[in-house]
Amino acid sequence: MPQLSSESVESNAASAVSSPIVEAIEIDKWFGQLHVLRKVSLTVLPRQVIVIIGPSGSGKSTFLRCVNHLEKIDGGSLTVNGQAIGYRHRRGRLIADSERHIAQQRRNVGMVFQRFNLFPHMTALENVTAAPMHVNGMNRSQARDLGESLLARVGLADRANSYPGHLSGGQQQRVAIARALAMKPALMLFDEATSALDPEMIGEVLDVMKELALDGMTMIVVTHEMGFAREVGDRVIMMDHGAIVEEGTPAELFTNPRNERTQSFLSKIIH
Amino acid sequence: MSLLAAQFDSHYFWQHLFHPDGVFLRAVWTTVYLAVLGQAFGTLLGLPLAIARRSTHRLLSGAAWTYSWLWRGTPLLVQLLIVYTGLATAGIYRFHDVDFGLFRLPAEQQAAIITLSLAEAAYMGEIFRAAIGSVDRGQWEAAKSVGMRPWPTMRLVILPQAARVVVPPLGNEFITMLKQTSLLSIIGVTELFRMSSNINSVDFKTFEIFFVAAIWYLMLTTVWSLIQHRIEVHLARSERASAVPLEKSSLERLTGLAR
């Protein structure tokens with residue numbers, strides 16, 4: 001089982017204690033004719049762990065991808081660290097942001113994907129050090145130290161020189177978490193990070209995520225792992241058909257769901 | 001007239017195969033270096049062409065499409081004549097021999113290198129385009145998510161993965177290139193084929209001399225296949241011993257044998 005060091009997560013979160021990390025106000029998103037996000041509003045405060053649940057196709061992953069600007073919003077407003085995502089105000093008008101600025105904003109946000117998306121031609125260590133070196137201009141030896149300490153934190157110090165193809169799914173996902181942490185993000189997004197894993201590997205990844213939450217990382221987690229939501233989540237958001245249908249603390253939402261769609265969803269998931 | 005006179009002159013055949021004179025070897029060398037230069041420049045030009053094709057900028061992708069359409073849609077033989085002879089007779093441009101200190105690049109070889117490169121770029125552009133497109137979309141997203149901008153993403157993440165996909169069709173292209181240098185004889189480049197023709201017009205040992213030429217071409221393409229095999233093994237190192245099986249190497253494809 002991976003053991004995380006107890007040192008706290010270095011992040012920009014600490015410097016902005018009161019202001020929200022994410023502020024989504026009535027976001028709309030369309031895929032052609034399909035209305036995938038319907039006026040979704042959500043505020044995430046520093047050190048909060050938000051868990052988003054809901055049936056597939058409910059828009060939870062799309063929302064997460066909007067936060068990292070992998071998808072463009074069609075309406076509403078979305079700020080991360082106080083900066084509008086994808087748009088900039090210029091002379092009172094909203095204009096599309098430059099690739100350069102979008103890339104800068106993404107550095108503050110880490111993302112972990114369902115299918116890991118590790119770079120298969122790089123070793124575990126190279127996966128972690130690529131962005132610090134080539135985006136932040138960190139030198140090789142500093143990046144190496146950082147990479148090795150992050151791999152140690154996810155319990156993979158001994159696999160630094162392995163290629164992703166030689167690692168198990170659980171190990172690959174832990175490398176992916178280390179890769180995202182290497183940019184010292186203020187916010188971590190988890191897009192069904194354990195859904196593609198064999199059952200016996202889910203635990204090791206969830207443990208890393210729990211340690212991260214305990215260290216004070218701000219997180220938005222899309223997951224079907226209700227145990228994790230109950231144990232780690234500060235707030236649980238239930239989405240369905242592109243809208244937030246219910247939200248509350250895990251205790252409220254799991255023991256006493258008010259919305260009938262939440263009730264029917266939970267009854268299918270929790271046996 | 002005797003039928004025996006038409007028989008295979010084995011002495012002449014072996015003589016030309018194993019003891020070629022310096023002039024013949026020079027022609028073989030011309031074939032090799034023109035093919036290598038044509039392939040190298042064609043590959044270098046093909047990559048920006050592929051990136052232009054993928055651009056969201058309409059004018060850029062349209063220009064790249066038109067380029068491919070023109071060069072892939074016309075025969076190399078015709079292109080060679082237009083570039084070398086046609087431009088000169090139209091008074092647009094006439095190639096002249098150029099001295100590079102130690103060696104001299106004749107006019108017709110300049111035209112050959114330029115035409116081979118420009119034509120090859122169109123084919124390599126398509127190959128790069130397909131290879132870049134074959135890289136999983138998740139790779140772009142992962143690179144974006146750690147703050148990489150498009151060009152570093154291309155250089156560090158996409159192209160190294162695309163390279164593995166490019167090598168087998170690149171190998172095919174180079175084999176085609178080696179063989180199609182024989183077309184350069186039309187503009188007066190003394191390469192392997194033209195040299196054989198010249199010898200034939202003196203000795204009239206048509207079967208023997210072109211058989212020798214065929215064996216030389218075969219040796220060149222075989223040597224290349226071995227080099228390509230080494231490149232493929234090198235590029236696949238990150239997958240060695242993993243669950244994903246290696247694709248068949250060019251050597252296996254060539255021989256039909258498994259190692």
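FYI, it's all coordinate maths here, none of it is from the lab. Given the structure is predicted, the values throughout are model-derived calculations rather than measurements. Here the Cβ is made from the backbone with ideal geometry for all residues, glycine too, and neighbour counts use every protein chain on show.
Working out 0.36 nm times the residue gap between B:T56 and B:R237, then minus their Cα-Cα distance, what length gain in nm do you get to one decimal?
61.8 nm
5 Å is the cut-off here: which amide hydrogens, built 1.01 Å from N in the peptide plane, fall below it relative to A:I21, excluding neighbours closer than 5 in sequence?
Residues meeting the criterion, in which the H sits 1.01 Å from N, are A:V44, A:L45.
Kindly flag which residue pairs out of A:K184/B:K144; A:K72/A:K184; A:K60/A:K210; A:K210/A:K268; A:K72/A:K210; A:K39/A:K210 have an alpha-carbon separation exceeding 27 Å in this structure. Walk me through the numbers before you get to the answer.
Working: A:K184/B:K144 15 Å; A:K72/A:K184 24 Å; A:K60/A:K210 20 Å; A:K210/A:K268 25 Å; A:K72/A:K210 30 Å; A:K39/A:K210 30 Å.
Over 27 Å apart, Cα to Cα: A:K72/A:K210; A:K39/A:K210.
Over all residues in A:128-134, what is the mean tally of Cβ atoms on other chains that come within 10 Å of each residue's Cβ?
Neighbouring Cβ atoms belonging to other protein chains average 4 per residue here.
Whats the longest run of chain B with zero chymotrypsin sites (Phe, Trp or Tyr not before Pro) that are DSSP loop and have at most 13 other Cβ atoms within 10 Å? Don't jump to the answer; show the numbers that get you there.
Working: sites that count: B:F8, B:Y93, B:F204.
Counting only loop sites that pass the neighbour cut-off, the longest clear stretch is B:94-203.
Please compute the length gained on full extension between B:N198 and B:A214, using 0.36 nm multiplied by the number of residues separating them and subtracting their Cα-Cα distance. Don't skip to the answer; put the middle values down first.
On the way: separation 16, 0.36 × 16 = 5.76 nm, distance 1.53 nm.
That works out to 4.2 nm of additional length.
Please list 3J(HN,Hα) in residue order for the range A:109-124, calculated via the Karplus relation 6.51 cos²θ - 1.76 cosθ + 1.60 where θ = phi - 60°; whole Hz, with x for glycine and proline.
Running phi through 6.51 cos²θ - 1.76 cosθ + 1.60 with θ = phi - 60° gives 10, x, 9, 10, 9, 4, 9, 6, 6, 5, 7, x, 8, 10, 5, 3 Hz.
Assuming a ≥ b ≥ c are the square roots of the Cα gyration tensor eigenvalues, decide whether chain A counts as rounded (a/c under 1.5), prolate (otherwise, with a/b larger than b/c) or oblate.
It is oblate, given that a/c is not under 1.5 and a/b is not larger than b/c.
Given labels modelled 7 Å from the Cα in the Cβ direction, how far is it in nm from A:N139 to A:S168?
It is 3.9 nm.
If the only charges are +1 at each Lys and Arg Cβ and -1 at each Asp and Glu Cβ, what is the size of the charge dipole of the protein assembly as shown around the Cα centre, to the nearest 20 debye?
Numbers: 50 positive and 46 negative charges, 227 e Å.
Here the size comes out at about 1100 debye.
Under 1.5 on a/c is rounded, so check that first for the range B:2-255, then, if it is not, pick prolate when a/b is larger than b/c and oblate when it is not; a ≥ b ≥ c are the square roots of the alpha carbon gyration tensor eigenvalues.
Here the range B:2-255 falls in the oblate category.
Given a 10 angstrom Cα cut-off, can you work out which residue in A:G82, A:G54, A:G216 is the most mobile in a GNM of chain A?
Checking each option, the largest mean-square fluctuation is seen for A:G82.
Which residue, B:L81, B:L59, B:L184, tops the fluctuation ranking in a GNM of chain B built on C-alpha contacts under 10 Å?
B:L59
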